[in-house]
Every structure is written in C-alpha cells, then in structure tokens.
Amino acid sequence: MNQREIKFRAWDIKLNKWIYFHIPIGFPVAMNEDIDFGKLGQFTGLKDKNGKEIYEGDLLKYPNGDVVEVIFHKGTFCYKMSEKNYHIFDETQLEVIGNIHQTPELLKP
C-alpha cells in the first residue's frame, strides 16, 4: 500500500528557527518539548511564483501589493477576506514574503 506523507514545519524554541518534517499517514508523532506547536503549519502542496513552498500561516503578496495569510478552512487552504468570505488563491501570481508568526506586521489590519 502506498502511503502519502504530510509535510509540516514547526518553530524550534532552542534553535530559534523553523524545522521541517514529514509524517507518514498512520505513524504517531513524537512530542518534542523544544517545539512550539502553536507555530505549526502544514505544507499546502503548492509553491509560489518563485518555487518556494507555501505553508499554512505564510503571508503571500499579490502583484498589486495586497498581502494575505494562508489558512486551512473547511477542508482547503485559502485566505480570509472577511468573516464570511474565503478565497482559494492562485499561487502562480503570489510570492511568500513572511509568515504570521515572525512578520505579522506585513499583514495589514
């Protein structure tokens, strides 16, 4: 049986950097006390216009200057426009410019 891997990144408190890992379906995740699981983001399976992997929590910039946050909502990766309005994004136009954990100031209120 072919198992797919699900890719994540998490913030390592001791190393003060992102660590990236794969979790095969059906395998338990070992808990690491140095990982801030509040800063955990799943890989969307998509890459931006420069080939950089896009993760949940990333901030993406459109050519017109708009910046959006990647979220997971109702079974899909998208970004939120308002309380009731969510959009799927076209990654071929977007560029990863940061993430909500390290550069939240890039996301305008």
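The values are calculated or read from the model by the stated rules, or taken from the named source; none is laboratory data. Predicted, not measured: the structure shown is a model, and the values here were computed from it. In this analysis, Cβ positions are derived from the backbone assuming ideal geometry, glycine residues included, and neighbour counts consider all displayed protein chains.
Below are the figures for this structure:
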read-out: Some residue of the range 55-64 being assigned to a loop (DSSP other than H, G, I, E, B), in contact (Cβ under 8 Å) with a residue 12 or more places away in the chain, surrounded by 15 or more Cβ atoms within 10 Å (Cβ to Cβ) and of a type outside the set (A, V, I, L, M, F, W, C); value: yes
read-out: So K84, is it farther than 17 Å from W11 by Cα and either within 12 Å of the chain's Cα centre (by Cα) or hydrophobic (A, V, I, L, M, F, W, C) (or both); value: no
read-out: Test: residue in the range 89-96 that is hydroxyl-bearing (S, T, Y) and without any contact (Cβ under 8 Å) to a residue 24 or more places away in the chain; value: no
read-out: One residue from I25, I35 being modelled with pLDDT under 85, surrounded by 14 or more Cβ atoms within 10 Å (Cβ to Cβ) and at negative phi; value: I35
